[in-house]
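Heads up, the thing below is written out as structure tokens.
The values are calculated or read from the model by the stated rules, or taken from the named source; none is laboratory data. Everything quoted here is computed from the prediction, not taken from an experiment. Methodologically, a virtual Cβ is constructed for each residue, glycine included, from the backbone with ideal geometry; neighbour enumeration extends over all protein chains shown.
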Amino acid sequence: MAVPWSRLTKTSHILTKTSTHQQKILRMNGLSAIESCTRTEGATGTLFLEDHMLLFVIEGVYTVQFGTEVHTVHKHEMALIHKSITIQYEKSGEPNSDYVLNYMMFLLKDELINEFMKLADYTSALVVRIPASVSVHTIDDRLFSYLESLRPYFNEPERIRDGLVKVKLLELLFGIADRNDIFLSELSEIKRQERKSIKDVVDANITNPVTLHDLAYLSGRSLSSFKRDFKAVYNTSPLQWIRNRRLDKAKEMLIHSSLSVTEVCFSTGFENVSHFSKVFKLRFGIPPSTLKQPPKHG
């Protein structure tokens, strides 16, 4: 089950053979930066991203899967990951470096990207590209040195003055864009696509346990605007339509997969097995457990 990361309150993960773990967070005025250092031979999990994310791998390997796309971020590489998606991750240290995994993450709100694009004034030189949900880029020596210069800020987060996190994130974006035109084009596409279509947001999150408030936020709308625009597209209320889509998907999984009722429940965006069974029976006339029972032979 995916969990939101933009608030940095919790993650869903499985750790194996992990000894020490240290995570430091800079958080101010809705802006967040994370440094994580651990020794691990493997960690996997799922993240639902409410904000765009920059991931920098300093030591180890971080693999990101979105749908059928798999992107591996190696040492001295970075990934730009768009918001409004759920990703699966696998991360580990390398055997030749004592399994040390060290990375930094920066969460980018649309407001910060907008401010950067306005300050940078690069738009006239940009080439429009088809946006990718996940893209991987190399970190050059200058950018790597900048990341290293941020470590003192992580060590004393309580001493950072108001607004400094924002300044450092803007400086980071300038540093990347100055050496990487492709990255700059990707940021431009993010800015251009702030208000996403109702259909794209709903389709991307149909099996995620997100609320209507979450969907409205991800689409760049207020809750009332989201409900109004949703009804204009689907001619029904979002709660009823989304629930029926999830139930249709659940029925298909129960019939064609080996997953249990509980596994199907959580895989299709429901968070309570009892409630799932109740609404499933209301829609299809039978409890979901019936579809997992072997057929009777006369």
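Restricted to the range 200-224, and to residues there that are touching a helix residue (DSSP H, G or I) at 6+ places or on another chain (Cβ under 8 Å) and surrounded by fewer than 13 Cβ atoms within 10 Å (Cβ to Cβ), the residue that is modelled with the lowest pLDDT is Ser222. Each residue in the range 72-95 was checked for being part of a strand (DSSP E or B) and under 14 Å from the mean Cα position of the chain (by Cα), and 9 of them qualify. When Ala232, Ala216 are screened for being part of a helix (DSSP H, G or I) and within 18 Å of the chain's Cα centre (by Cα), only Ala216 passes.
Take Phe154 and decide whether it is closer than 18 Å to His74 by Cβ, more than 22 Å from the chain's Cα centre (by Cα) and in the same structural domain as Asp110 (by TED's automatic domain parsing). When the stated conditions are applied, Phe154 does not pass them. If I ask for residues that are at pLDDT 80 or above, loosely packed, with under 15 Cβ neighbours inside 10 Å and either at positive phi or part of a loop (DSSP other than H, G, I, E, B) (or both), which ones from the range 116-140 would you list? Listed by number, the list holds a single entry, Asp140. Of the residues in the range 220-227, not one is over 22 Å from the mean Cα position of the chain (by Cα) and in contact (Cβ under 8 Å) with a residue 24 or more places away in the chain. Among the residues making up the range 49-88, those that are farther than 20 Å from Ile206 by Cβ and in contact with a His (Cβ under 8 Å, 6 or more places away or on another chain) are His52, Val57, Ile58, Val61, Thr63, Val64, Glu77, Met78, Ala79, Leu80.
Looking across Arg245, Arg228, one residue alone is buried (at least 16 other Cβ atoms within 10 Å of the Cβ), basic (Lys, Arg) and within 26 Å of His82 (Cβ to Cβ). It is Arg245. Taking every residue in the range 244-257 that is within 13 Å of Ile206 (Cβ to Cβ) and pairing it with any residue that is basic (Lys, Arg), at least 6 positions away or on another chain, the pairs with Cβ-Cβ distances below 7 Å are Asn244/Arg283; Leu247/Arg283. When the criteria are applied in full, Glu156 meets the requirement of being farther than 30 Å from Tyr234 by Cα and out of contact with any helix residue (DSSP H, G or I) (no Cβ under 6 Å at 6 or more places or on another chain).
So how many residues does the range 141-173 have that are without any contact (Cβ under 8 Å) to a residue 12 or more places away in the chain and either over 18 Å from Ile58 (Cα atoms) or part of a strand (DSSP E or B) (or both)?
The qualifying residues number 5.
The condition of being part of a helix (DSSP H, G or I), charged (D, E, K, R) and under 25 Å from the mean Cα position of the chain (by Cα) holds for only one of Glu271, Glu263, that being Glu263.
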